[in-house]
Amino acid sequence: MSALPAFEVLPRDLSAYRAGNTGVPYVHRFDSGEPGPHLLVNALTHGNEFCGMVAACHLLDAGVRPLRGTLTISFANVAAYESFSIDKPFDSRQLVHNLNRIWSDAWLDGAELSPELARAREMRPVVAAADHILDIHSTSQPVQPFWVYPDRPANAAAALAIGEPAVHLVMPQGLGSGTPLIQHGRHGEAGFHGVGLVAECGQHFQQASADRAIRIARRFLAHFGLIAPDDWAPPAPAQRYQLLQTVVIQTPEFRFTRPLIGFETFGPGELIATDGPTQIHAPDDGCTVLMPARTAIVGREGVYLARALAA
């Protein structure tokens, strides 16, 4: 397990944002009255990923309003956020379910109950109404920021145009471990016109991650014409990866063969991890690993295996 990051950003009281103006707590919507797309900027899908909270508060506190179309700003898993303890900063990621894996009809229409399922059911019409979604996240390890999105041309074009982050993780077949918010409903259909992007803005609790989340949110709005563009630096050349496999932890004995934080490479057939009697090897042509788990928790993702794509 790696050392804890420095706590440069900590929770703030969000009670002033609770009422919103949509009938759904912590959801704020602003309609310009002019034709244009409906954009959703979502924060706190995971309760300890504070950069999105900072970006959402920035948009609301600065009075950002759309020049055209509609802007919705939401704080998702506030219950998990409010459970944060600096002594156990990773425990507030979720209370019961991963809020970013339960956006299928099977979960949302099922009989199971949890704080995350209740919140997803409450936010279902909010997500469904959006044309384009930006879901803001951060990472447990100090790795370069990156996009995550389904392999659709509209997603790639928007991420490239926004420019930051410069690294892209493309999902040809989804995550393989559940349905994320950006693939709910029509956003999971191959022919849908809208964009769904996750921005992994940097390490949890870092001011740089929060600053980057604000920039990305503003660039997202400007890309679709809802606000005037800021003075942007030119985009860096993109580095794209294709998700090959999501490894889900099966036993408490899950272990990597060497310490990992993400973006390490493994040669063809090289042993990456063991999970009880199961061995996880790199594909025949090798791979890059992303999002390696800090601790072995059965049923959660252990690591993503990816392949670098040509520019």
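Couple of notes before you dig in:
- Residue match in the stretch 217-228 (condition: of a type in the set (Gly, Ala, Ser), more than 15 Å from the chain's Cα centre (by Cα) and assigned to a loop (DSSP other than H, G, I, E, B)): yes
- Positions within the stretch 102-124 being surrounded by fewer than 19 Cβ atoms within 10 Å (Cβ to Cβ) and touching a residue at least 12 places away in the same chain (Cβ under 8 Å), in sequence order: Ser104, Trp107, Leu108, Ser114, Pro115, Leu117, Arg121, Glu122, Arg124
- Taking the criterion of being of a type in the set (Val, Ile, Thr) and assigned to a loop (DSSP other than H, G, I, E, B), the residues of the stretch 54-112 that qualify are Val64, Ile86, Val96.
- Taking every residue in the stretch 130-148 that is in contact (Cβ under 8 Å) with a residue 24 or more places away in the chain and pairing it with any residue that is surrounded by fewer than 23 Cβ atoms within 10 Å (Cβ to Cβ) and of a type in the set (Asp, Glu), at least 6 positions away or on another chain, the pairs with Cβ-Cβ distances below 8 Å are Pro145/Glu164.
- One residue alone among Ser92, Ser74, Ser32 is small (Gly, Ala, Ser), under 28 Å from His193 (Cβ atoms) and buried (at least 17 other Cβ atoms within 10 Å of the Cβ), and that residue is Ser74.
- Within the span defined as the stretch 274-292, every residue fails to be β-branched (Val, Ile, Thr) and modelled with pLDDT under 95.
- Number of positions in the stretch 202-238 that are surrounded by fewer than 16 Cβ atoms within 10 Å (Cβ to Cβ) and in contact with a His (Cβ under 7 Å, 6 or more places away or on another chain): 0
- Boolean, Phe205 is among the hydrophobic types (A, V, I, L, M, F, W, C), within 23 Å of Leu99 (Cβ to Cβ), over 14 Å from the mean Cα position of the chain (by Cα) and modelled with pLDDT of 95 or more: yes
The values are calculated or read from the model by the stated rules, or taken from the named source; none is laboratory data. Treat the numbers as computed from the prediction; the structure is a model and nothing was measured. Counting neighbours? That spans all protein chains shown, and the Cβs are built from the backbone with ideal geometry, glycine included.
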